Amino acid sequence: MDTKHCAVDGWVDAIPVPGPRDTVTFDLVVRPADIDALDDDAPDTIVTCTSGDPRITHELLNGIQPGDLLRATGTLVQPPAPGEPARLTVDALEVLDTALVPVLREMVLDRYGDYVVIFDADRDQVPVFTAHGTWVGLADNPDAIATLIDIHECVNGGDA
């Protein structure tokens with residue numbers, strides 16, 4: 001397999017997803033510097049990224065949202081077959097620009113690691129569940145979500 005250590009700049013395509021053995025996976029949409037020279041219908045390049053570094057995993061699961069511009073540095077493995085995405089094992093991550101904060105107009109689901117919260121623009125309170133659907137509690141406001149999750153993990157031994 002052909003590998004290369006490099007840095008890739010791209011936009012986060014979707015919310016990063018936790019993986020096995022404390023890893024995280026996310027896709028970067030990468031556009032070439034000479035985008036004007038390409039056809040209008042030229043497809044974007046997608047690079048599938050993974051990391052097992054605890055600091056990077058934490059940042060991706062708690063601080064990154066779709067649309068953020070990142071520089072991911074690591075080992076790039078070329079795809080085994082044409083049409084498949086390249087894979088980058090990330091060992092350094094830099095946020096180059098953040099996406100605009102979404103304006104809540106209706107109900108929105110969001111993920112906090114192994115937890116799911118429901119934001120409702122008409123209410124300050126935020127229901128919190130585990131990703132498996134177990135009720136955790138009702139946070140008084142968005143700022144209280146982390147405290148509620150911390151209490152749940154202390155009581156339940158860190159199992160979501």
Can you pull the percent of the chain's accessible area that's carbon plus sulfur, 1.4 Å probe, other chains left in place? 52 percent
Taking the Cα atoms only, what angle lies between the long axis of helix 145-156 and the longest principal axis of the chain, rounded to 10 degrees? 70 degrees
I need two numbers for the chain: Rg to one decimal and Dmax as a whole number, Cα atoms only, in Å. 18.1, 57
Could you run the Karplus curve 6.51 cos²θ - 1.76 cosθ + 1.60 with θ = phi - 60° over the stretch 83-95 and give me ³J(HN,Hα) per residue in whole Hz, x for Gly and Pro? x, 8, x, 5, 10, 10, 8, 7, 10, 8, 9, 9, 8
Using the Cα centre as the reference, give the magnitude of the dipole from point charges on the C-beta atoms of the stretch 58-160 (Lys, Arg: +1; Asp, Glu: -1; all else neutral), rounded to the nearest 20 debye. 320 debye
Compute the acute angle (0 to 90°) between the alpha-carbon long axis of helix 54-63 and the principal axis of greatest extent of the alpha-carbon atoms of the chain; round to the nearest 10°. 70 degrees
Take L60, L76 and sort them by solvent-accessible surface of the protein heavy atoms, 1.4 Å probe, largest at the top. L76, L60
Cβ neighbours within 10 Å, averaged per peptide: list 113-119, 45-51 in order, most packed at the top. 45-51, 113-119
With the 1.4 Å probe rolled over protein heavy atoms, the chain has an accessible area per residue in Å² of 64 Å²
Ranked output for segments 132-139, 7-14 by mean other Cβ atoms within 10 Å, highest leading, reads 7-14, 132-139
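The values are calculated or read from the model by the stated rules, or taken from the named source; none is laboratory data. Everything numeric here is computed off the predicted structure, so don't read it as measured data. Cβ atoms come from the backbone with ideal geometry, glycine included; neighbour counts cover every protein chain shown. In case anyone asks, the SASA skips ligands and DNA or RNA and just uses the protein heavy atoms, side chains included. Shrake-Rupley method; radii C 1.70, N 1.55, O 1.52, S 1.80 Å.
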